[in-house]
Amino acid sequence: MSLPALLDRRLRLPLVAAPMFLVSNPQLVLACCRSGIVGSFPALNQRESSGFKAWLEEIEAGLAGDAQAAPYAVNLIVHHSNPRLQADLALCVEHRVPIVITSLGAVREVVDAVHSYGGLVFHDVTTRRHAEKAAEAGVDGLIAVAAGAGGHAGTWSPFALIAEIRQFFDKTLLLAGCINHGHEILAAQTLGADLAYLGTRFIATRESNASTPYKQMLLEARAADIIHTPAVSGVPASFMRQSLEAAGFDMARLNDKGELNYGEKLKPVNDEAKAWKTVWSAGQGVGNIKDLPSVDELVARLDREYRDALQRSNALIGTLRP
């Protein structure tokens, strides 16, 4: 297991708050970084590159002079249908974004561009094949998005996914999927990950851009309410059943694949863009989320839970036969 110099001894917890479409905003990112964990957001949360640039400037200004703050990250969709990829990548290079999280495509040219100024590239994967391709592209870290995660999630058990990736990848490894508590962060490390990757838990914070009804539905949902379907975005993703029903999706046709077109997603009048505002993503860990704390309160709680879990683990070692 390893952490790059950019992150080594700079984090309060081994934790990244995942970039979430239409949910992550500068307020959430800044709160995370100031609390000592990596905050992130998707570039496409701004409808134009000019807005993306403005968010980068806002985050940079908010972190300026704070030596204790953790680095931030930006998510880029590396897919041929994303018309903004080159413009947004150029802005990442211009602003020397510390960490770029790539999705739906691991491309050597993108990795080289980020490496040109000393940035890191983490790529999210759901299978060994995707992980191998990303490793060949030279990424600095892999995000293993296991079964039960929110957003664009995989179906592999974290035990299988982490174990297979570690057979050939010795750089930074992150694990996503149903992580809500400090002891689960430690469990991710025990499996072989370096960092935990939390999304759904940070939707239910006061700083997130999720609407009040979205947050309330999340508090009331259980694991059985999470449906993994390609019908909304064209890529299998996890959504709350109640929001799919309310948005008028045919529950008998959720195996039908939606169109994967990020150019269309950027059009405000597009039906799919509207759908993302009313069809709400969450992971299977929703049943363990009961409140809406501030990010600072949540990170402090996770920190206590993590340290308590470390003490319990050390105590267990003492019960083993020499």
Practice problem: Kindly check whether there is at least one residue in the range 5-27 that is surrounded by fewer than 16 Cβ atoms within 10 Å (Cβ to Cβ) and among the small types (Gly, Ala, Ser). | Solution: yes
Quiz item: Restricting the search to the range 284-322, which residues are under 20 Å from the mean Cα position of the chain (by Cα), of a type in the set (D, E, K, R) and closer than 16 Å to Ala187 by Cβ?
Solution: Asp303
Practice problem: For Ala70, indicate whether it is buried (at least 22 other Cβ atoms within 10 Å of the Cβ), closer than 27 Å to Gly285 by Cβ and touching a residue at least 12 places away in the same chain (Cβ under 8 Å). | Solution: yes
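For the range 4-34, which positions are charged (D, E, K, R), in contact with an Asp or Glu (Cβ under 9 Å, 6 or more places away or on another chain) and in a loop (DSSP other than H, G, I, E, B)?
Applying the first criterion (charged (D, E, K, R)) to the range 4-34 yields 8-10, 12, 34.
Then keep just the ones that are in contact with an Asp or Glu (Cβ under 9 Å, 6 or more places away or on another chain); that gives 12, 34.
Once the filter is applied, which keeps residues that are charged (D, E, K, R), in contact with an Asp or Glu (Cβ under 9 Å, 6 or more places away or on another chain) and in a loop (DSSP other than H, G, I, E, B), the range 4-34 yields only Arg12.
Among the residues of the range 43-62 satisfying the criterion of being aliphatic (A, V, I, L, M) and surrounded by fewer than 18 Cβ atoms within 10 Å (Cβ to Cβ), which is nearest to Asp8 (Cα to Cα)? Explain how you work it out, then say what you get.
Our first condition is that a residue be aliphatic (A, V, I, L, M); within the range 43-62, this holds for 43-44, 54, 56, 59, 61.
Those still in the list that are surrounded by fewer than 18 Cβ atoms within 10 Å (Cβ to Cβ) too: 54, 61.
Numbers: Ala54: 29, Ala61: 23 Å.
By that ranking, first place goes to Ala61.
Per-residue answers, yes or no, for (1) modelled with pLDDT of 95 or more; (2) surrounded by fewer than 21 Cβ atoms within 10 Å (Cβ to Cβ); (3) farther than 27 Å from Arg96 by Cα; (4) in contact with a strand residue (DSSP E or B) (Cβ under 6 Å, 6 or more places away or on another chain):
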position	(1), (2), (3), (4)
Val111	yes, no, no, yes
Phe122	yes, no, no, yes
Val145	yes, no, no, yes
Gly148	yes, no, yes, no
Gly151	no, no, no, yes
Ser157	yes, yes, yes, no
Quiz item: So Ser40 fits all but one of (1) assigned to a helix (DSSP H, G or I); (2) buried (at least 22 other Cβ atoms within 10 Å of the Cβ); what number is the exception?
Solution: (1)
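The values are calculated or read from the model by the stated rules, or taken from the named source; none is laboratory data. Owing to the predicted nature of the structure, the values given are computational and were not obtained by experimental measurement. Neighbour counts are summed over all protein chains in view; Cβ atoms, including those assigned to glycine, are modelled from backbone coordinates with ideal geometry.
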